[in-house]
Each structure stands twice: as structure tokens, then as C-alpha cells.
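Here's the structure we're looking at; comments come further down.
The values are calculated or read from the model by the stated rules, or taken from the named source; none is laboratory data. On a predicted model such as this, the values are computed, not experimentally measured, just so you know. In this analysis, Cβ positions are derived from the backbone assuming ideal geometry, glycine residues included, and neighbour counts consider all displayed protein chains. Surface areas here come from the heavy atoms of the whole protein model, side chains and all, with no ligands, DNA or RNA. Shrake-Rupley method; radii C 1.70, N 1.55, O 1.52, S 1.80 Å.
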Amino acid sequence: MAGEIPRQWAAATHGSIVNQAAGDIIQLISSAPSLGHQPGMESIVAPYGQLPRVIRGRASLLDELTDAVLRPHPHPRVHVLHGIGGSGKTTVALEVARRAQTSMPVWWVSAAGADTLSSGMRQLALALGADIEQIQLAWSGQASASDLVWSLLDARTDHWLLVVDNADDSQLLAPAHGRVAGGTGWIRHPRSARGTLLVTRRSRDPRLWGTWAELRLVDQLSPEDGAQVLLDLVGATAGSESDAQALATDLQGLPLALRLAGAYLRESVTQPPWPGTSPVRSFAAYQRTLRSRFTLLDTTPPGQYEDRTQQELITRTWELSLDLLHAQGKDQPRPLLRLLAHLADAPIPFVLLLDPAILSDSPEVGPITFEQLHRALTSLADLALIDMTTRPDPNPDNPLAYTLSLHALVRATNREHPQVVARRPEYLDVLGASMHKVTDALDPDEPAAWPAWQFLAPHASSLLELLATSVDIDRETARELSRAAQGSADYFGALGMYERAETEYRAVLDVQRLVIGEDHPDTLSTRHNLAYTLRDRGMLEAAETEYRDVLAVRRRVLGEEHAKTLVTRNQLARVYREQGRYEEAEEEFRNVLAAQRLTLGEQNLDTLITRSNLASMYFVSRKLDEAEAEYRDILATERRALGEDHLESLVTHGNLARVLAEQGRFDQAEAEYRDVLSAETRVLGDEHPDTLTTRHNLAATLAAQGRQAQARKEFQAVLEARERLLGPDHPNTRQTGTALALLAAPPDEPV
């Protein structure tokens, strides 16, 4: 649910930090926040399921590359597969990866967009053994993420293969203000002769790579090989080998076009000869139709593709396929494909995003049920216009286990089709409503929602970018897509990816300022969250400036004592605190608190957040007695207003235990932690993340008392639960594992 971040700050103890998500402090005995490595996040496993049964016309290239990977030569160790869109570069890379996987670790990272590249490289860093502190520093912009990944790769002593697929955007590959050839970005020359980097991209451009990469062309197939691709897909029922060669020639030996044509013919043989229809069931008939029924659709911006005829060819093949579905009485696949083309070049969680209720209200798709939607998508998949994937998941009801994808060229040609461009506002309206419905129910600060945001974030960004370039911008569509993109920015901030969050907030602001104006509440909320991110990045002066600007508008528009105005004052005081301006910070916290008590009441959430911030000031100032007294009073208020077992009450109770531990009153801290743990177990369950966090903190308190064996037993139980529920690479799991490993050898004490 996108909106203003109502987080509070609290000081930490024993090297820990305290994170606040939507008002709930989560204590972690570590030095970094959770990064959200949850089931469903970006995979770095090669998608071998996309490989065709037989690969035609690539034997020599595959053998050469396989030899280079399995028996690396001193130079080069970077191989760039280049060729026009649809030429089969990814297929070649996949087959090389398949051959290598039994001999070495293989990692696959998509560079189709900034989100997938960054997420994939983060997953790679985790797989290579980066600790959570390194990840946090690198992906928050405080250190170089590419330096971290490559230092870990170059330190390996075994053979390895890294594939970076769809690396067409050179700006994503190079460092800021640098060039790929400089070898300091995501693409580098491995120092070890045992490592190999394989890159796929459209453009050749040898100047981009310098002298350390070998460029290998993935060319179109010969007529003979193209004919075999068609025969593999259709069989001899569609005509002779010479007919297949003639069609392959017209399709320019482009594997994508051959795949689309073969899928069409494979499907058309099942179509009955309805009156008034003339099914295209042979290579020769497909070739005649391809030549006669279409004119050039030259809508590609200059320089986007090397060959304009390539776009025309792909357009012809998918239009023929959609005509076949129309002849079968299936009219919904065409608008669905055009709708999907507006989304990003990333897996599409269609169960979440394609809501029949919203689609049915759209003139583009019309009335449709879940069953009809599934049949329409299956029809598109049968004709190779989309790829549908079911990811391994123990829960078959997990909507994130089901995704679809479009080939980049199919997406591009559909997106720029003249009829689609003319109806762009209608498509964005449908997707805006769908995106808003899904994301409005997902709290970006809640780790349980992060797997969904992982899939949704690139699409929110893509739609907002399309909206920003549209001539006719609908106000409601802009509001919905801006809120979804703001949620995406909140999600990146929650992961600690502050630089990415800042980029997203600024993109949202560009649209909001254009459509709804500088003083609109949504615009101010985005600016407020941007300031929060600037503070997280350590850019305190910039954060102070942004908060002051927002505060000035809110004072003018809303008034001095409006709740939003007071929230901004509260956050500005946080900046003072981090600048070391403790007296100013404490004075402002007190002033805000006085106003909130007067206008909102003692039991309001914002009031309680400010009180917690004031208590944290006591903690920072080492006024531990005052901090203890304040937390005790806050806890009493929350218990009266919310109940003893309310999450806010349990959080404050845990903070009180933290203060006691910092005072060295470990026995009392232990007693409080055990009370919190008992309530959380009863209310949330013994394996809820908050319950496990309290158990982790309790174990740390036991260790501080020298009760190593008991602490070890508790840490071990938490570790096993987190490994089972979150996986071994989840940051919380790694934190507990590190704490367990740091314990000294167990003394002779009873457990």
C-alpha cells in the first residue's frame, strides 16, 4: 500500500539496530536491516526449460564456446554473443550453460532492465558468500555493488560461468560516468583463467568492449537449417523440405520467426474447415499469406533496431497467428497480447495482474471469466507468442508461482503497432486499475509482501515511463500508476536499495508535478518519502532541504497543527538528531509531541511514534533512566488503548527489554523478553518472524550473561526455524547463524 512512510527511529543495543515498518519496531541483533531475500525473488538459475528439443545450425559455435568454457584459455575469457533480435542468442547461451553445469557452478543474470540486473547481481553476491553488512553497504549506494560481486568472483579457485543475458542497455552495464571498456562496471574481464563471462546483446560495437572481449555473431540460419526448424515443429504434413526451405528463406532464417510460423502451422492443422474460412496448413500457403496480406509497419524509432525488415517480419508472423485464433472464434488473445506488451521485459505475475473483473470493464478486452482468460493465455502460449512458466513452489495456490513472458521483439512490435499507439491511454487505464488494485493491498515495508513487489516493481516503473511519454494523460490513471510506482520506491527503500528508491521517487514526482501539481497531497507524500530516503543515504543536508520544502507547503496548505505537518516536523527532527544537533532535535520532538497530544490525543499512533522518537533521544544521550521511564509510560498507554497483546504493545515491551539490557540488568531484560515471547507465541505463533526475532534477542541476552550453552540452544532453534521457513540465504537466517558461530566454546554449565 503506497503512502507516506510513518516510521519511527529508535537507538540500538549490543550492536543491533531497530527497524520501524509502518509503526512497528522490529529488533534485529545485527548491523543491517533485512533485504527481503524471500521465496519468489529473482532466480540466478539458468532457465533451461526454454531450450528447444533440437538446436539447428549452431553446432560449430556451440562446440567452440563449450571448449572455451570447459577449458578456458588465458585470453579471452569474455565472450559476447551478438546478433539481431530473435536470432537465438539466448538459446545458444542456454545450451552452453547446460553443457557446463555438470562441471562448474553456472549463474544466469538477466540485464533486460535495471531491476532484474540489480536483483540478480544481489542474489549472485549472496550465493558467492557476501555477508549481510557487505550487501547492505553495496546496495544502499554506500559502496560499489559491482566491486563486491567481482571481488568474490575473482577470489574463487574453481571453474565458473556467469551468463549476463539481454545486455542491450550499455548504460546499465557501465559505472556512472564510465564506460564498459573500462572494466569497472557489471561487465569485467575475470582475473582468473578459470572464470568465464558470457554476454548476449543485439549490438556488436567493438568500441564498447575494448580489447578484452571476443565478439561472436549469432547469425540467421541457412535455408536448410531453417527448414529443419520448421519440420521439427510441424512435421512433414505441412509440405516438402523444399517448401520449408522456401518459407525459411522468406523468414530470413530468423529463429524467432521460424518458431512463430511453426507454432502457427502446428496449431492450424487442428482447425476444422469452418464455412467461410481458409485454414493455412502448409509451408507454401503460409508463405503466400505472408507475402500478400501485410504491408510494412515501419514504426520503430530510428536506431532502435538494426534492420527494419526484422520488425516487419515479426509483426507479420504474430498477426497471422492472431488471425488464426480469430478464425477459431478466439477474439480475446489479440487485445491481451497488446495489453501485456505494455509491461516490462520481466516475468509477469499474471494471476495477480490480470483481473477478469477489471478486464471485463475494458473496451479493449471485454467480458471475460477466469476460465476464458486462462484459455486465451494458453492459446497465445500454444502459438509461441508468450511463454508461460510454473515455478517450483510447495504451495500450488501461490500466485507468484505462475508467470508469463514475451520475447523482447514480440513485445516491441506489439507495443509500437499503430493501432496500439492510438489506443495507448485505454491500455494504460486498464493496467493502471489492475496495478493499483494489487499494490494498494501490499505494504512495501512488510517482508511478507516483498516477493510480490519483486515481480511488480519493474512493471510499475515501465507503466509510469510509458505514461510520462503519452500525449493524453488521464488524471485517474496517472494517480493509480503513480501510487503503484511510489509503492515500488517504498519497497526498494525497505530493502536498503536507497539509490534505486530515490530514482523511483523522482520519476513519480515528475508525473505528479505534471498532472496533479506541486501542492497536491500525493505529491507532498512522495517528496516526504524522498526526503526519508535521502536521509537513509546519509545525504542529511539534502534531506533537510526537502523536508523543509514539504513543511513549508504543508504549513501553508494544511496549517501548523495538521497531522501531516506534524509528521514532517517529526522527521525533520530526526535529521537534526543524525546531524548531532541533539538539543534542536529534542526540543522539536517535544514541540511536536505537545501539538499531537493537543490535536490528536495521547493514544494516537503518530503521538506514540513521536514519544518513541523522544525516548530514543534519551537513549542516544545515554539518559537510560529517562528512556526506561518513557518506554514504560508508552507501554502503559498502548496497553490501555490497544490491549496488552497488541503488536504495538509487544514492540514497546521489547524496546523496554532492550534498555534494560543496555543498563546491564540482564536478568530483568531476560524476564521481559520471556514475557514478550510468551505473548507473541500465543498471539502470533511460535514461528512468526516477530516471535523468532524475540527469541534471537533473548539468546543474545543469555550470551551476555555468560550462559553460552543456553544461548547456543536458543540460537540453534531459531536458526533451524529460519532455515526451514526463509531459506539458508535469508538475511535473518544468516544473522542467527553468525551469532551462533561467534559464541565461544560451551563451558561446563547445565542447559
Checklist outcome for this item: Among residues of the stretch 349-368 being without any contact (Cβ under 8 Å) to a residue 24 or more places away in the chain and either touching a Pro at 6+ places or on another chain (Cβ under 6 Å) or outside any loop (DSSP other than H, G, I, E, B) (or both), the residue farthest from Leu400 (Cα to Cα) is Ser360
Item to check | Extreme residue, farthest from Leu137 (Cα to Cα), among residues of the stretch 520-548 that are open to solvent by 60 Å² or more (accessible area, probe 1.4 Å) and charged (D, E, K, R) | outcome: Arg548
Item to check | Failed item, numbered, when Thr565 is tested on (1) out of contact with any strand residue (DSSP E or B) (no Cβ under 7 Å at 6 or more places or on another chain); (2) closer than 25 Å to Glu680 by Cα; (3) of a type in the set (S, T, N, Q) | outcome: (2)
Checklist entry - Which residue pairs have Cβ atoms under 7 Å apart, sit 6 or more places apart or on different chains, and have a first residue in the stretch 304-327 that is under 13 Å from Leu251 (Cα atoms) and among the acidic types (Asp, Glu) and a second that is modelled with pLDDT under 70 and open to solvent by 10 Å² or more (accessible area, probe 1.4 Å)? => result Glu312/Leu296; Glu312/Leu297
Next on the checklist: With the requirement that a residue be of a type outside the set (Val, Ile, Thr) and open to solvent by less than 10 Å² (accessible area, probe 1.4 Å), what does the stretch 166-180 give you?
Outcome noted: Ala167, Leu173
Next on the checklist: If Ile84 meets every condition in (1) assigned to a loop (DSSP other than H, G, I, E, B); (2) among the hydrophobic types (A, V, I, L, M, F, W, C); (3) open to solvent by 50 Å² or more (accessible area, probe 1.4 Å) apart from one, which number is that one?
Outcome noted: (3)
Item to check | Any hit, the stretch 189-207, residues being part of a loop (DSSP other than H, G, I, E, B), under 26 Å from Gln101 (Cα atoms) and open to solvent by less than 40 Å² (accessible area, probe 1.4 Å) | outcome: yes
Checklist entry - Quick check: is even one residue across the stretch 402-417 under 30 Å from Trp318 (Cα atoms), among the basic types (Lys, Arg) and either touching a strand residue (DSSP E or B) at 6+ places or on another chain (Cβ under 7 Å) or surrounded by fewer than 18 Cβ atoms within 10 Å (Cβ to Cβ) (or both)? => result no
Item to check | the stretch 140-163, residues that are out of contact with any strand residue (DSSP E or B) (no Cβ under 8 Å at 6 or more places or on another chain), open to solvent by 20 Å² or more (accessible area, probe 1.4 Å) and part of a loop (DSSP other than H, G, I, E, B) | outcome: Gly141, Gln142, Ala143, Ser144, Ala155, Thr157, Asp158
Next on the checklist: Just to be sure I understand the filter: pairs with C-beta atoms under 7 Å, separated by 6 or more residues or on different chains, first member in the stretch 594-611 and closer than 14 Å to Glu630 by Cα and at pLDDT below 90, second member hydrophobic (A, V, I, L, M, F, W, C) and open to solvent by less than 60 Å² (accessible area, probe 1.4 Å). Which pairs pass?
Outcome noted: Leu608/Ile634
Next on the checklist: Could you go through the stretch 425-438 and let me know if any residue there is open to solvent by 20 Å² or more (accessible area, probe 1.4 Å), free of Cβ contacts under 8 Å to residues at least 40 places away in the same chain and more than 28 Å from Ala167 (Cβ to Cβ).
Outcome noted: no
Next on the checklist: Looking for something modelled with pLDDT of 85 or more and open to solvent by 30 Å² or more (accessible area, probe 1.4 Å) - is there at least one such residue anywhere in the stretch 644-651?
Outcome noted: yes
Checklist entry - Can you find even one residue in the stretch 497-505 that is out of contact with any helix residue (DSSP H, G or I) (no Cβ under 9 Å at 6 or more places or on another chain), open to solvent by 30 Å² or more (accessible area, probe 1.4 Å) and not small (Gly, Ala, Ser)? => result no
Checklist entry - Mind checking which residues of the stretch 215-244 are without any contact (Cβ under 8 Å) to a residue 24 or more places away in the chain, open to solvent by less than 50 Å² (accessible area, probe 1.4 Å) and not small (Gly, Ala, Ser)? => result Leu231
Checklist entry - Does Thr300 satisfy being at pLDDT below 65 and either in a loop (DSSP other than H, G, I, E, B) or open to solvent by 60 Å² or more (accessible area, probe 1.4 Å) (or both)? => result yes
Next on the checklist: Being open to solvent by 10 Å² or more (accessible area, probe 1.4 Å) and of a type in the set (A, V, I, L, M, F, W, C) is the filter here; which residues of the stretch 555-581 pass it?
Outcome noted: Val557, Leu558, Ala563, Val567
Item to check | Lone unmet requirement of (1) within 30 Å of Gly559 (Cα to Cα); (2) in contact with a Phe, Trp or Tyr (Cβ under 7 Å, 6 or more places away or on another chain); (3) at pLDDT 90 or above for Met617 | outcome: (3)
Next on the checklist: Take the conditions out of contact with any Gly (no Cβ under 9 Å at 6 or more places or on another chain) and over 18 Å from Leu81 (Cβ atoms) and apply them to Ser119. Does it pass?
Outcome noted: yes
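Residues checked against (1) assigned to a loop (DSSP other than H, G, I, E, B); (2) modelled with pLDDT under 65; (3) in contact with a Phe, Trp or Tyr (Cβ under 8 Å, 6 or more places away or on another chain); (4) among the charged types (D, E, K, R):
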{"residue": "Gln38", "(1), (2), (3), (4)": "yes, yes, yes, no"}
{"residue": "Glu42", "(1), (2), (3), (4)": "yes, yes, no, yes"}
{"residue": "Pro52", "(1), (2), (3), (4)": "yes, no, no, no"}
{"residue": "Ile55", "(1), (2), (3), (4)": "yes, no, no, no"}
{"residue": "Leu61", "(1), (2), (3), (4)": "no, no, no, no"}
{"residue": "Glu64", "(1), (2), (3), (4)": "no, no, no, yes"}
{"residue": "His73", "(1), (2), (3), (4)": "yes, no, no, no"}
{"residue": "Pro76", "(1), (2), (3), (4)": "yes, no, yes, no"}
{"residue": "His79", "(1), (2), (3), (4)": "no, no, no, no"}
Checklist entry - For Glu584, are the conditions met, namely being in a loop (DSSP other than H, G, I, E, B) and open to solvent by 70 Å² or more (accessible area, probe 1.4 Å)? => result no
Checklist entry - Which condition number in (1) open to solvent by 30 Å² or more (accessible area, probe 1.4 Å); (2) of a type in the set (Gly, Ala, Ser); (3) in contact (Cβ under 8 Å) with a residue 12 or more places away in the chain is the one that Ala552 fails? => result (3)
Checklist entry - Ala669: crowded, with 24+ Cβ neighbours inside 10 Å, under 36 Å from the mean Cα position of the chain (by Cα) and not hydroxyl-bearing (Ser, Thr, Tyr), yes or no? => result no
Checklist outcome for this item: When every residue in the stretch 467-493 that is of a type in the set (A, V, I, L, M) and open to solvent by less than 20 Å² (accessible area, probe 1.4 Å) is compared, the one farthest from Arg424 (Cα to Cα) is Ala489
Item to check | Scan of the stretch 365-400 for residues that are surrounded by fewer than 19 Cβ atoms within 10 Å (Cβ to Cβ) and touching a Ser or Thr at 6+ places or on another chain (Cβ under 6 Å), ordered by number | outcome: Pro367, Asp387, Thr389
